[in-house]
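The values are calculated or read from the model by the stated rules, or taken from the named source; none is laboratory data. If you're wondering where the values come from, they're calculated on a predicted model, not measured in any experiment. Here the Cβ positions follow ideal geometry from the backbone for every residue, glycine too, while neighbour counts run over all protein chains shown. We work out accessible area using only protein heavy atoms, side chains counted, and drop any ligands, DNA or RNA first. Shrake-Rupley method; radii C 1.70, N 1.55, O 1.52, S 1.80 Å.
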Amino acid sequence: MADTPKKRPTALKREIQNKAIHQRHRAFKSRVRTAIRHLESGLSDKDPKKTREYLDLVFSLMDKGAKKGVYKKNKADRVKSRLNIRSAAVLAI
């Protein structure tokens, strides 16, 4: 008879799953914050190419985060809107 894995209590399983999800979400949020920092450096340098590149990246990451449940949809929309307004002056140049 094959060895079957030992059963574990449901609460312990949930704790293990929650830790893994928490780590995944932290890593994803870190990527978003890094992209926003790059975007802000493009804004301060008034570099339209860099600004457009990182604005697209931030929009994509925020949409993915909202889809996966890392961010609520309204927060993603709010962040995108605020960054779009800030970058409009640089992109108009």
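Tell me which residues, restricted to the range 65-78, are in a helix (DSSP H, G or I) and without any contact (Cβ under 8 Å) to a residue 24 or more places away in the chain.
Ala66, Lys67, Lys73, Asn74, Lys75, Ala76, Asp77, Arg78 - these are the residues of the range 65-78 that are in a helix (DSSP H, G or I) and without any contact (Cβ under 8 Å) to a residue 24 or more places away in the chain.
Pairs needed: first member in the range 82-93, closer than 16 Å to Asp56 by Cβ; second member anywhere, of a type in the set (Val, Ile, Thr); C-beta distance under 9 Å; at least 6 residues apart or different chains.
Final answer for the pair search is Leu83/Ile36; Leu83/Val58; Ser87/Thr51; Val90/Thr51; Leu91/Thr51.
Looking only at residues in the range 1-40 that are under 18 Å from the mean Cα position of the chain (by Cα) and of a type in the set (Gly, Ala, Ser), which one is least open to solvent (accessible area, probe 1.4 Å)?
By that ranking, first place goes to Ala35.
Here are some residues: Thr4, Thr34, Thr51. Which one is polar (S, T, N, Q), part of a loop (DSSP other than H, G, I, E, B) and free of Cβ contacts under 8 Å to residues at least 60 places away in the same chain?
After applying the criteria, what remains is Thr4.
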